[in-house]
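Report on the following structure.
The values are calculated or read from the model by the stated rules, or taken from the named source; none is laboratory data. The model shown is predicted, which means the values in this text are computed figures rather than measured ones. Cβ placement follows ideal geometry from the backbone for every residue including glycine, while neighbour counts extend to all protein chains displayed. These accessible areas exclude ligands, DNA and RNA; they are computed on the full protein's heavy atoms, side chains included. Shrake-Rupley method; radii C 1.70, N 1.55, O 1.52, S 1.80 Å.
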Amino acid sequence: MGVAGPFPGHAAGPPVPVMDRDEADRALARLGAEHEAIETSLLALQDHAGRRLLEGADLTGVTKERWASTDQAITLLWGYFDAYAGALAQARAVRARRRYPNRDDLVALTELLRGQGVTVAHAAARPDPSIASPARLSERFTLEELVARMNELYARSLDMVVASDSVWSALPARIDLLAAELHRTRSLAHSVGVRPGEHPAGDDLEAITHELTTLRVQVISDPLAFWLPGPGSSAPGGGRPDTARYDRAARALDDVRREIEAVLAVRQDAEQRLVQLRDVLSRADRTLTEARSARGEVLAKIAASEVPAVSGPATVLQERLAAASEYRRHAQWHRLSPLLETLEREAEEELLRARESLTAVTAPLAVRAELRGRLDAYKAKVARHGLAEDPLLIERYDAARRMLWSAPCDLRVAGQAVLRYQEAAAELLSQHRAPGPEDRR
């Protein structure tokens, strides 16, 4: 609820021994307008929603201390206002005695309007809590001094009330909305098996619940502990609510929500991912079986060659895959989610290792095939040049062929035989291409 701003300042002219009639009338008119503004502001402060909440709340901490001082200041404000209103009424009564006031009337008006003619008895109104001097039974003010005192008390009181009301207007509602979202997230988490003590997200939800509950109690009982005054601002209520703890809780809940969504995604496509995992592991097993078969062939057909051993099937991965299927069968999605991610990565690595093992085992066969291909390629080349019947080439070709097509094959010796045939063929081809006498006809 809005409250009027600080009272307008008292702007009297320079003091003179005695005011004339026009000066007195202008001063009375100005003071009357000032009286209405003061009364409006005080009534608005009295009806302010924040003041009513402070009056009925069970306060703690800095808010409790500030409200005790502010409540005393508001009571003192009304005492000052009553004294101000009494002085104004007295001045109006003096002015109403006659149409043209005599000198005695003007002297009395000058004393009331410009002199220290306002007495505030502290028996009716407690001393200003902002003043540390010893208490006195009464104080005398000019109207200008009284307005300045009321301005100071009013601004300080309004600042405290507006700050508390701003925190109460901003934080509890946001905390309640976040608590409702937290409740929905907890229900969803429970449905997918995310519970405290069983999953980190469940523990996080418990911590967020405790934090929001504590935060709301503290905000209600001590709102000023969550108020950040605006730098360089002298206006009442200048600043903003401190939402740092609320923001941390909101971010933590967002992180948990994403974790729950990941678990939900696992529930939706778990069967498809399990099928893909079985296929990858099956391909890895078939590749390893092929590698073991190829290793036996290499050992039987290739001599003097280092053939690496082939590992057995990934039984550990198969066991973990069976555990993943059990998690799915019992709807333990919070356990299935991290296990599936790990299994998918390790299954791909297992398939890659199986392929590398097959490549390493079959390398000697690949070398033999390359030598066979090279030998036949050179034979075809010399045949195109009509040199296939050369005795040396026939002898070396037959020697290399016997080595490459016999078992076990010594790749080192066979490679040398192919090289000798290759060199002989190259020499004959170079002789065959040598130019004859040039015909210049």
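General remarks:
- Boolean, residue 89 is free of Cβ contacts under 8 Å to residues at least 24 places away in the same chain and either open to solvent by less than 20 Å² (accessible area, probe 1.4 Å) or more than 43 Å from the chain's Cα centre (by Cα) (or both): yes
- Set 292, 257, 248: member being surrounded by 12 or more Cβ atoms within 10 Å (Cβ to Cβ), of a type outside the set (Phe, Trp, Tyr) and within 27 Å of residue 336 (Cβ to Cβ): 257
- Residue list for region 142-189, filter: of a type in the set (Lys, Arg) and touching a residue at least 60 places away in the same chain (Cβ under 8 Å): 149, 156, 174
Every residue, every condition in (1) modelled with pLDDT of 80 or more; (2) in a helix (DSSP H, G or I); (3) among the acidic types (Asp, Glu); (4) open to solvent by 70 Å² or more (accessible area, probe 1.4 Å), yes or no:
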| residue | (1), (2), (3), (4) |
| --- | --- |
| 286 | yes, yes, no, yes |
| 309 | no, no, no, yes |
| 316 | yes, yes, no, yes |
| 326 | yes, yes, yes, yes |
| 340 | yes, yes, no, no |
| 343 | yes, yes, no, no |
| 355 | yes, yes, no, yes |
| 364 | yes, yes, no, no |
| 370 | yes, yes, yes, yes |
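- Tally, over region 177-196, of residues that are farther than 13 Å from residue 335 by Cβ and either among the hydroxyl-bearing types (Ser, Thr, Tyr) or assigned to a loop (DSSP other than H, G, I, E, B) (or both): 4
- Condition broken by residue 300, with the remaining ones in (1) in contact (Cβ under 8 Å) with a residue 40 or more places away in the chain; (2) open to solvent by 70 Å² or more (accessible area, probe 1.4 Å) satisfied: (2)
- Residues that are of a type in the set (S, T, N, Q) and closer than 20 Å to residue 42 by Cα within region 143-187 comprise 151, 157, 164, 166, listed in sequence order.
- Scanning region 170-189 for residues that are more than 18 Å from the chain's Cα centre (by Cα), closer than 15 Å to residue 215 by Cα and surrounded by 15 or more Cβ atoms within 10 Å (Cβ to Cβ) yields a total of 3.
- Check on residue 212, part of a helix (DSSP H, G or I) and open to solvent by less than 80 Å² (accessible area, probe 1.4 Å): yes
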